[in-house]
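Inspection log for the structure reproduced underneath, given as structure tokens.
Readers should treat all values here as calculations from the given coordinates under stated rules, not as data from a laboratory. Computed from a prediction, not measured in an experiment: that's the story for all the values here. Note that each Cβ is placed from the backbone with ideal geometry, even for glycine, and that neighbours are counted across all protein chains shown.
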Amino acid sequence: MTTDTLRASGSSSGLTELIPTSWIYTDTGSTRDLRLDFMRGFVIPLLFASHFEYFSALMFIGWERIGVVSTAEIFVILSGIVVGMVYGKKVKKDGLSAAMPGLIQRSVSLYRISVVMILIVGAIRYIPWIDSSVITTFHDPYGGNTYQLYPSLDASIFQVISKALLLQIGPHQFQIIGMYVVMFILITPFTFFMLHSGRAKLLLGLSWVIYLINYGMPESSSGSAAIRLTGAQFEYAFPILAWQLIYVHGVAAGYYKQALLAFFMTQWGKAILYASIALSIGFMVFTFNHPLPQFPAWAQLHLVPADVFNQLYNEYFQKYKLGVGRLLNAVVLFISIYALMTRCWQPINKALGWLFIPLGQASLYVFFIHVFLLLAIANTPLPGYDNFWLNTSIHAGLIALVWVLVKKEFLFKWIPH
């Protein structure tokens, strides 16, 4: 899609006429879309806000403040789109069999890095002067329970290795990578087969059927997914039957990217875009009513009573089962941000592209590194929730450190990126 086409697409809107055409993103047709890299990079600070739980300025964005969405939904959608674009181009040109070696290689790489992470953290537990509980346990702030994510220290080494190979243990901050492993191995080849054979509607229909079956299943006694297809640890937070929905649709969106962009130039497409922007704003207003005690009164709205908000949140916005409200929020927010970045790319890129694009292009590396940074911070006498400005400095310093490591390609030879 050319810049001229994009300019023409916005010429009928009074709003877009206020935006200089020189700001528009130039799509060269390459599988490298810097807007997607930027969005993945933007999610990295939100990841730090989620996992380095020191209350800081990042929380005013990261703790579901731009909508009832988390880093996970955005990462999965983006991953699906990139897979659909990169491998889909190969499938269209040379057929599914030609793309399979690349898919298998990526699956092996993701699986290897997951097992390596699990075993490294498992070994760290035996170092007596290191408190590894931040990455070897999970504390449920709502239920008040703490769960051990590894066998006891006196467990057999073979038991640890067995569970590691089955992805049944490991840091919860890294478990989403385990979901990617299963997505690549079990779902991606079938998805491309259906797309390549012209059965996209059937594929998406099956994806919805699986999602709805899972959504209607009663929860387990622990409050997690009733069906854990693989038995892996990540399915407590990211059950495959639910999260396959946004991954499969992401792959399809990447596969049909040019057709989708052309659709959004039509009257129906523009109507969906404007509706997405309106809904995104509505979800943002809604989430500002979240009765989180950490936020000051001036940062909260009180349009929705706390008990009503909690009831709606528990019914429609649960993260582990990908509630329908959260699902809709993630989709409309993605459409809105992508449209904004397309129309205002040049100033956005000039202001923050230097930071977010490198982080986005090395997101797997950042996922790996941040676990050990989290361990390091947890073993220093740094504050918890008692010093806002120092906490903000910690977060900013960690992001700067990761950015430098990425730019210097530190350990890129050994850590996939």
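Model label sites at T28 and N314, defined 7 Å from Cα along the beta-carbon direction, differ in position by 5.3 nm. For the chain, adding -39500 (n - 2.57) for each run of n ≥ 4 DSSP H residues and dividing by the number of residues yields -19500 deg cm²/dmol at 222 nm. Across all Cα atoms of the chain, the radius of gyration (one decimal) and Dmax (whole number) stand at 21.6, 69 Å. The alpha-carbon atoms of segment 310-371 define a convex hull whose volume equals 134 cubic angstrom per residue. Modelled spin-label separation between A57 and A275, with each label point placed 7 Å from Cα along the Cα-to-Cβ direction: 3.8 nm. Annotation: amide H of H139 within the under-5 Å range of Y147, sequence separation 5 or more or interchain, hydrogens built in the peptide plane. Ranked by how many other Cβ atoms sit within 10 Å of their own Cβ, fewest first, the residues S97, S132, S79 fall in the order S97, S132, S79.
For segment 56-181, a Kirkwood hydrodynamic radius built from all Cα pairs, placed in the Stokes-Einstein relation at 4 °C and 1.567 mPa s, yields a translational diffusion coefficient of 75 µm²/s.
Under 17 Å from a label point set 7 Å out along the Cα-to-Cβ vector of W298, the amide N atoms of segment 48-80 belong to 56-61. Candidate membrane-span-like segments in the chain, meaning DSSP H helices with Cα atoms spread over at least 20 Å of their own axis and a Kyte-Doolittle mean of 0.5 or above, are 34-51, 71-94, 96-124, 200-216, 240-255, 267-287, 324-343, 363-378, 388-407, with no membrane implied.
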